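Data first, discussion second: the structure below is written as structure tokens.
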Amino acid sequence: MGSMVSFQRPDGQTVQGYLAQPEQAGASPAIVVIQEWWGLNPQIRGVADRLADAGYQALVPDLYRGQSTVEAEEANHLMEGLNFGDAASQDIRGAVQFLKTRAPKVGVTGFCMGGALTLMALTQSPEIDAGVVWYGCPPLEYIDASKIHVPVQGHWATQDQFFKIETVAALEDKLRGAGVDFEFHRYLAHHAFANETAAGSGRIPATQYDAVWSQRAWDRTLRFFGRNLG
């Protein structure tokens, strides 16, 4: 269903990404999918494939430039080596601009680290039409909420040990103060509850897949993108 493609960042550098397309691509809307800290792995490719099955073009930019891992320590090392500002303003914006040449509207969604980058990208890429954040948030001082002018949906786990649920209330206050159109949903779940490979993997004890909440969040996500991307 998907294949690797190249696209240009605003600064002219070339980036690779995984592009999944629906059977009838045409001028269908598109979504940039932002990886977890593991990299461009089979699981995040599967997210893009799922969106393609739902009728969207879905592009996962390769933020780690070909590297991925299943080890938490190495994933943390890769994440710490990533320039988040550059990824949001260049890699992700480049992916959005690439899709804008093929689609009438483009959304962005991301998980864990990718959720944090989604929030940052919403402040950096005026071409984005809507964003869905999955259990990830950067330090709040990195979010200039006054620059977010499109609808945002968020999915948060109340038992999350990586992104504390208390932070979500502060994020809501910041978005509300800037007049951002947002809807947040909370789930009695652990971090990565929508990642099917987090089920009892042992890689990180504090992550746990929850099929019921994952399906609920995906239903809400697809309805949200359907309303805002067409």
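Quick notes on this structure:
- The packing ranking, built from the mean of other Cβ atoms within 10 Å per residue, places the peptides 99-110, 26-37 in the order 26-37, 99-110, highest first.
- Anchor Lys105: aspartates and glutamates whose Cα lies under 15 Å away (excluding residues fewer than 8 positions away in-chain): Glu127, Asp129
- The chain - Debye-derived log10 I(q)/I(0), Cα point model, q = 0.09 Å⁻¹: -0.31
- Spread of Cα-to-Cα distances over 5 Å intervals beginning at zero, given as percent, for the stretch 70-163: 3, 13, 23, 25, 18, 11, 5, 1, 0
- Counting beta carbons within 10 Å around each of Ser146, Ser68 and listing the fewest first gives the order Ser146, Ser68.
- Packing order of peptides 218-224, 151-157, 129-135, highest average first: 129-135, 151-157, 218-224 (average count of other Cβ atoms within 10 Å over each peptide's residues).
- Rel. contact order, % - alpha carbon contacts under 8 angstrom, at least six apart, the stretch 109-230: 21
- In the chain, the DSSP-assigned H stretches of four residues or longer account for a calculated mean residue ellipticity at 222 nm of -10000 deg cm²/dmol, using -39500 (n - 2.57) per stretch and the full residue count as denominator.
Coordinate-derived values only; no laboratory data. Keep in mind it's a predicted model, so treat the numbers as computed, not measured. For neighbour counting, all protein chains shown are included, and Cβ atoms are generated from backbone atoms with ideal geometry for every residue, glycine included.
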